[in-house]
Amino acid sequence: MRYVDEFRDPALAAPIVRDIAALLARLDRREDRPLKIMEVCGGHTHAIFRFGIGEMIPPGVELVHGPGCPVCVLPTGCIDDAIAVAETPGVILATFGDVMRVPGSRKSLLDARAQGADVRVVYAPTDALQIAREAPDREVVFLAIGFETTAPSTALTLLEAEREGARNFSILCHHVTVVPALRALLDAPRAELDGFIGPGHVSVVIGLEPYGVIARHYRKPLVVAGFEPLDVLAALRMVVQQIAEGRAAVENQYRRLVAPQGNLVARGAMMEVFAEAADREWRGLGTIPRSGLVLRGRFARFDALGRFAVPGARVGDHKACQCGEVLKGALKPWECKAFGAACTPETPIGACMVSSEGACAAYFNYGRRTAARRPQRTGARHG
């Protein structure tokens, strides 16, 4: 295929859906439930709803939304830390636009800016470094979030700051890694996941090998996928085919962009700048060992935690918000009592409704009208 329209052609989707149905018919399922396949990335969730993939696939398979939204997995306490830094006199805090409206325990970064804090939206960490160059009398802090997709750009920016000898630039590092989160989901009691559609953007950087533990240890298939509807359907067919054949392997549907070894330059920059954190707190998933990145000693002077006083507290989510359960795949967004009522994109109480990759935002924008037609739960469900 050469053009994006070809990846959205309903005529090409129909035989893939028929293949999935035929594979499901071959399965000897003893459990009274559909196959549960998690799409890890929020970009996939939005594609699924935008193009109606959930309504196309056979009833024997259910797509479950995962924790691959970088803004959504930020715990409330991290937002409070960022606000504390932003409200420090003489500080400019730079961050991505999606983070601005994520609620902290008392307010958001957008609220802090309205109250006088100098909080600026940037498109890349290099923009924050440029602000530091232009304002040498101010401390500029970049709130660094995201998976292995965005970590290389933070690493390359810090290497540039080191070469320049920047003295007024630092980062609040909240980068996390995807594979430990998948392991935490599979280690959880009553885990009911049968396979994964793996994140495309992360895989462009890390390649395929890090996912090997999912196939070897947990015996779950994982297929890295692109973000067009035919990408998602093709990856789903590959996952179901593995299950039908009794296999568990890491496969690559997104071969036009993902190389098996990943991006060696990006990985090299990450390894030079970051070390593996002992643990990291995630919204909804709790503390996951070895799931975050911290600055190596050589770059300690760029760590904002060493320059500013931050609360560092672990703060629970809003009592009405069930974003954590959504991130674990334990709830669909429309099963949250606040969804579409107290919690909307205009008045969010949870990160999943704020982020452009959040599952709640996807349901609200694309799937809200279909939620009422879905069968209601017959009993309580706990994550």
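Only the coordinates and a few stated rules stand behind these numbers; no lab work does. Every value quoted in this text rests on a predicted model; they were computed, and no experiment measured them. Positions of Cβ are backbone-derived with ideal geometry, glycine not excepted, and every protein chain shown enters the neighbour counts.
Note on Tyr123, Tyr366, Tyr211: ascending count of other Cβ atoms within 10 Å places them as Tyr123, Tyr366, Tyr211, the fewest first.
Calculated FRET efficiency, Arg296 to Ser356, Cβ-Cβ distance, R0 = 22 Å: about 0.10 to the nearest 0.05. Residues Ile214, Ile53, arranged from fewest to most other Cβ atoms within 10 angstrom of their Cβ, appear as Ile53, Ile214. Label sites at Arg120 and Arg138, each approximated as a point 7 angstrom past Cα along Cα to Cβ, lie 0.5 nm apart.
Site pair Ala11 and Leu27 shows an inter-label distance of 3.1 nm when each label is modelled 7 Å from Cα along Cα→Cβ. One Cα centroid belongs to the stretch 194-214, the other to the stretch 231-293; the line between them spans 2 Å. For Ala320 and Ser153, what does the FRET efficiency come to when R0 = 45 Å and r is the distance between their Cβ atoms, rounded to the nearest 0.05? Efficiency, from the Cβ-Cβ distance: 0.80.
Taking 0.36 nm per residue of separation and subtracting the Cα-Cα distance, full extension of the segment from Arg50 to Glu87 would add 9.5 nm.
Sort Tyr254, Tyr363, Tyr218 so that the residue with the fewest other Cβ atoms within 10 Å of its own Cβ comes first and the one with the most comes last. List each step's numbers first, then the result.
On the way: Tyr254 22, Tyr363 25, Tyr218 18.
So the ranking, lowest neighbour count to highest, is Tyr218, Tyr254, Tyr363.
Taking amide H as placed 1.01 Å from N in the peptide plane, Asp118 has its amide H under 5 Å from the amide H of Leu93, each at least 5 places away in sequence or on another chain.
Could you calculate the FRET efficiency of Glu192 with Arg167 from 1/(1 + (r/R0)^6), where r is the beta carbon distance between them and R0 is 45 Å, rounded to 0.05? Once the sixth-power term is evaluated, E becomes 0.30. Multiplying the residue separation of Arg256 and Arg219 by 0.36 nm and removing their Cα-Cα distance gives an extension gain of 10.7 nm.
Amide H contacts of Ser105 (H built 1.01 Å from N, in plane; Pro and chain starts excluded): Asp80 sit under 5 Å, all sequence-distant by 5 or more or on other chains. Measuring nothing but how far apart in sequence close Cα pairs (under 8 Å, 6+ apart) lie, relative to its length, the stretch 122-264 scores a relative contact order of 21 percent.
Per-residue counts of other Cβ atoms within 10 Å, averaged by peptide: what ranking do you get for 66-77, 308-319, 97-108, highest first?
Details: 66-77: 26.6, 308-319: 13.6, 97-108: 19.0.
For the peptides 66-77, 308-319, 97-108, the packing ranking is 66-77, 97-108, 308-319.
Exceeding 19 Å between C-alpha atoms, which entries from my cross-link table qualify? They are Lys107/Lys332; Lys36/Lys332; Lys107/Lys337. Correct reply: Lys107/Lys332; Lys107/Lys337. Here the chain carries DSSP beta bridges of which approximately 20% are antiparallel, counting only pairs with both residues inside.
At 222 nm, what value in deg cm²/dmol follows for the chain if DSSP H runs of at least 4 each add -39500 (n - 2.57) and the sum is divided by all its residues, to the nearest 500? Walk me through the numbers before you get to the answer.
Numbers: 16 runs with 136 residues, N = 383.
Value at 222 nm, helices only: -10000 deg cm²/dmol.
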